[in-house]
1. With a probe of 1.4 Å, find how much accessible area the stretch 291-381 has per residue, and write the answer as a whole number in Å².
2. Output the peptides 305-311, 278-284, 321-327 sorted from most to least packed, where packing is the average of other Cβ atoms within 10 Å over each peptide's residues.
3. Could you list which residues have their amide H under 5 Å from that of Ile208, counting only those 5 or more apart in sequence or on another chain, with H placed in the peptide plane?
4. Amide H to amide H under 5 Å from Glu56: which residues, 5+ apart in sequence or cross-chain, H placed 1.01 Å off N in plane?
5. Tell me whether the stretch 274-324 comes out rounded, prolate or oblate; compute the Cα gyration tensor, take square roots of the eigenvalues as a ≥ b ≥ c, and use a/c under 1.5 as the rounded threshold.
6. Quick one: Karplus J couplings for the stretch 268-273, per residue in order, coefficients 6.51, -1.76, 1.60, θ = phi - 60°, nearest Hz, x for Gly and Pro?
7. Of the options Ile309, Val336, Met260, report the single residue whose Cα projects farthest towards the positive end of the charge dipole of the stretch 252-381 (beta-carbon charges: Lys, Arg +1; Asp, Glu -1).
8. So what are the ³J(HN,Hα) numbers for the stretch 179-188, from phi and the Karplus equation (6.51, -1.76, 1.60; θ = phi - 60°), rounded to whole Hz, Gly and Pro as x?
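The values are calculated or read from the model by the stated rules, or taken from the named source; none is laboratory data. Predicted, not measured: the structure shown is a model, and the values here were computed from it. Note: ideal-geometry Cβ built from the backbone for every residue, glycine included; neighbour counts use all protein chains shown. SASA here: full protein model, heavy atoms, side chains in, ligands and nucleic acids out. Shrake-Rupley method; radii C 1.70, N 1.55, O 1.52, S 1.80 Å.
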Amino acid sequence: MSTPTQFSAEDFFAQQPPPKDLDKRLEAVQRFVERNVNEGRRVVLITSGGTTVPLEHNVVRFLDNFSAGTRGAASAEHFLRSGRYAVIFLHRQHSLQPFSRHYSHSTNPFLDLLDVVEADGGVSGKGKAAAEHLPLPDGHLFPPIPSMQSPPSYPPLAYTPLPPLHADEPPNTDHGLTIQIRPPHLAPMLSLLRSYKVVKSLGILHSIPYTTVSEYLWYLRGISRVMGQTKDRQGQALGRRGMYYLAAAVSDFFIPYTKMSEHKIQSGKGSLVIEMDQVPKVLKTMVDEWSNEGFIVSFKLETDPSILIPKARTALERYGHQIVIGNLLDTRKHEVVFVQKQGEEWLRIPHHDGPDGKEIEEDIIARLMELHEAWTSKGGV
Ligand code: PAZ
């Protein structure tokens, strides 16, 4: 067994290869920050979702954690809603996204909210109209599964297609069908769609996906540096007007690139013993070197209530940033604690199970915006 290495942030970045498209992505972040800061907005980097730790270069197996990215995606919506922040959303690929998260495939499958209205006014899936079209002439039960490469061929029916949205969009060749939202879902979907379109048209949400813990750290460093250095037209750096909201559940351990198996680990040698090194703690470097006095909020997740506040306080003292938000696995959706130098403050909302209740992120973001305001006025930006 080899000796585990204690990586400094510097060693880590010297030895772990960067994501392929890092430079291109960071250029896009720079343009996003510049435009938004010139339009008078603050910028928040939100990190969201879990990180993977691959066991092989040609990854077949990896370690992961529980995070679905609910907190990050919900928080992004509340920052955007305020109108004061542009959001860089650094998220685990395929984790929950702002807005679309409300129609997650597992909790609220959006196809169940829709009906297809056919040319004769019939509704598919409810009798005659559906029965008439099945099976298809080739004996299949339904048309080919759609993809952008090979669009489905439906039986021709009369209808008026919508014009393409973009010049390079292929013309619509499906016929005779309208999609209808079931009545109880119309109002919430419409409101969400409008919010989403406003955000898109203002260009205030910029999303970047990652998968592994190493990609996450490369992006975190790159984006923080870009935010720290970007200046507005008056030559003033984003500085204290930047916020870093680190809600991702980041692995504490990883297998360094040089120690990782090239190919799929083979069975047949008895048990598998995996030795992992510690992921470097980059928060101190972020505070001292990358973020240029930005307002940094980290999260601390525990399962044992007795260590939550002590661990949060240790992190705050060790890294010297502004706030640690502590939460427990079981209660994280309805209580969190803000740990700052001057004391602790609990935020709580009533327990609820339904989809319509208030989310704690609304209160978290409202309070953070006040604290950020105080931080920027202290710095005189
Ligand atoms: O993604 P989610 O909403 O299910 O969970 C959010 C969370 C618990 C990952 C987040 O609030 C958090 O505590 N992140 C930091 C975890 C840690 O590394 O301690």
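1. Accessible area per residue, the stretch 291-381: 53 Å².
2. Working: 305-311: 13.9, 278-284: 17.6, 321-327: 23.6.
Ranked by mean Cβ neighbours within 10 Å, highest first: 321-327, 278-284, 305-311.
3. Phe89, Leu90, His91
4. Excluding prolines and chain starts, which carry no amide H, the hits are Arg61.
5. Judged from the Cα gyration tensor, the stretch 274-324 comes out oblate (a/c at least 1.5, b/c at or above a/b).
6. Each residue's phi maps through the Karplus curve to give x, 10, x, 6, 9, 10 Hz.
7. Checking the options against the dipole of the stretch 252-381, the answer is Met260.
8. Per-residue couplings from phi come out as 9, 10, 8, 4, x, x, 9, 5, 4, x Hz.
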